[in-house]
1. Where does each of Y344, Y32 land when they are ranked from fewest to most other beta-carbon atoms within 10 angstrom?
2. Tell me, in nm to one decimal, what length is gained between Q266 and S55 on full extension, where the rule is 0.36 nm per residue of separation less the Cα-Cα distance?
3. Taking 0.36 nm per residue of separation and subtracting the Cα-Cα distance, what length does fully extending T150 through N112 add?
4. For K347, give me every one of the lysines with a C-alpha distance below 26 angstrom, ignoring sequence neighbours fewer than eight places off in its own chain.
5. Using a simple charge model, +1 on the beta-carbon of Lys and Arg, -1 on the beta-carbon of Asp and Glu, nothing else, what dipole does the chain show about its Cα centre, in debye to the nearest 20?
6. Take C102, C87 and order them by how many other Cβ atoms sit within 10 Å, fewest up front.
7. Which FRET efficiency value, to the nearest 0.05, do you get for K81 and M142 by plugging their Cβ-Cβ distance into 1/(1 + (r/R0)^6) with R0 = 51 Å?
8. GluC sites (Glu not before Pro), restricted to the stretch 304-353: which are DSSP loop and have at most 11 other Cβ atoms within 10 Å?
Amino acid sequence: MKTIHQIFYRDARNLKEIPSESVDLVVTSPPYPMIGMWDDVFGSQNVEIEKVLTSGDGKLAHELMHGILDSVWDEVFRVLKDGRFACINIGDATRKVNGDFCLYPNHARILNYLLSIGFSALPDILWRKQTNAPNKFMGSGMLPAGAYVTLEHEYILILRKGSKREFKTECEKQNRRESALFWEERNIWYSDVWMDIKGTGQRLSDELSRLRSAAFPYDLAYRLVNMYSVKGDVVLDPFLGTGTTIAAAMTSGRNSIGVEIDKGFQQAIRPMARQIVDFSNDYLRDRLRRHFEFVEDRIQTSGPLKYTNKHYGCPVVTSQEQSIFLNGLNEVRESDGNIFEVAYSEKPQDIAQGRNWNAESLRKNKIQLDLLNR
Ligand SMILES: C[S@@+](CC[C@H](N)C(=O)[O-])C[C@H]1O[C@@H](n2cnc3c(N)ncnc32)[C@H](O)[C@@H]1O
């Protein structure tokens, strides 16, 4: 198995290199309108924005910034195939403009626009980025009527283009089964509030840190890629930044396309690609190890599990998990700095590493199952 990952350093308002209806999933996080660190990025794409901000018209500035994002959402809709998803991580902004403090509801503005161009909304995810920062409470402190609740969450909007995706051929169905999640992962990943993923700070001093600070966590991208696509799919991130979505696609055996307006991010993306083989293999081993730990615990508390994964020989809760297969990465090849080809292993032992982490519980599971089946 091989995957291709291509990066375009250009303005995503025009994705002319990407044919219509050719993408299976969009995972992205745009610059957040009305968050100060993005003013220059928006200002460089529409000169009116700086003037409007200086004049103190926050609502118009918010609207003009979203006008830029709207053009990218139009392109996202065009390139997505029918029945495919867009997952958009966005936070609202609070800001004082002209003496007035208020919320700029970015998630609502984007959601409304996406619905107006033909997307269907699905239940979204609230990403709770709890903070202990001393300044998290805003406004008049203990005095009523002028204090505001904390802003410790962001959204992951989930949209679908067209109707439900179908997996028709036996090959498509088998690939879907291999791409499945473990039952215990499903219970957390498909919950509407994510509290177990830590965010990154927004304000850092040096340039590379600033680039990194806007990145979303790797786990967030990895989950979304695995929840809303199957192996071999094409994942697009039109606001690529440091390349987190591409990294998650590489680990997951998906192809990907990244678009980023600022070529400065190449200095973060190329080192990421060079390290992706070791990083991914460790990540996948860890995923399997967590499953083994879950199994051990579950057998002790609830008794034996009925099904077995055919690649790893480990118990699983449901029949849908029997074919899950995590392809280890063999190598990554870079051509012209912007295209990466990843080759994968077809051997389960490359991730299982011949280790039998829970031999004792596997043995107990089998004994108990045998007893039940007598
Ligand atoms: C919130 S950051 C994305 C961070 C990314 N998810 C990561 O993990 O690193 C938004 C990115 O969009 C880029 N950007 C802004 N306007 C753009 C446009 N019109 N086309 C393409 N990229 C753009 C910015 O340079 C920035 O890197």
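Throughout, read-outs are computed from the coordinates displayed, never taken from laboratory work. Given the structure is predicted, the values throughout are model-derived calculations rather than measurements. When we count neighbours, we look across all protein chains shown, and the Cβ atoms used for this are built from the backbone with ideal geometry, even at glycine.
1. Details: Y344 19, Y32 23.
Ranked by crowding around the Cβ, least crowded first: Y344, Y32.
2. Values: separation 211, 0.36 × 211 = 75.96 nm, distance 3.54 nm.
Length gained between Q266 and S55: 72.4 nm.
3. Working: separation 38, 0.36 × 38 = 13.68 nm, distance 2.42 nm.
Net length gain for the segment: 11.3 nm.
4. The qualifying lysines are K2, K173, K231, K306, K310, K366.
5. Numbers: 48 positive and 49 negative charges, 232 e Å.
Magnitude of the dipole: close to 1120 debye.
6. Details: C102 15, C87 26.
Ascending number of Cβ neighbours within 10 Å: C102, C87.
7. Numbers: r = 54 Å, r/R0 = 1.05.
Computed FRET efficiency for K81 and M142: 0.45.
8. Here the GluC sites (Glu not before Pro) that fit, given the DSSP loop and packing criteria, are E346.
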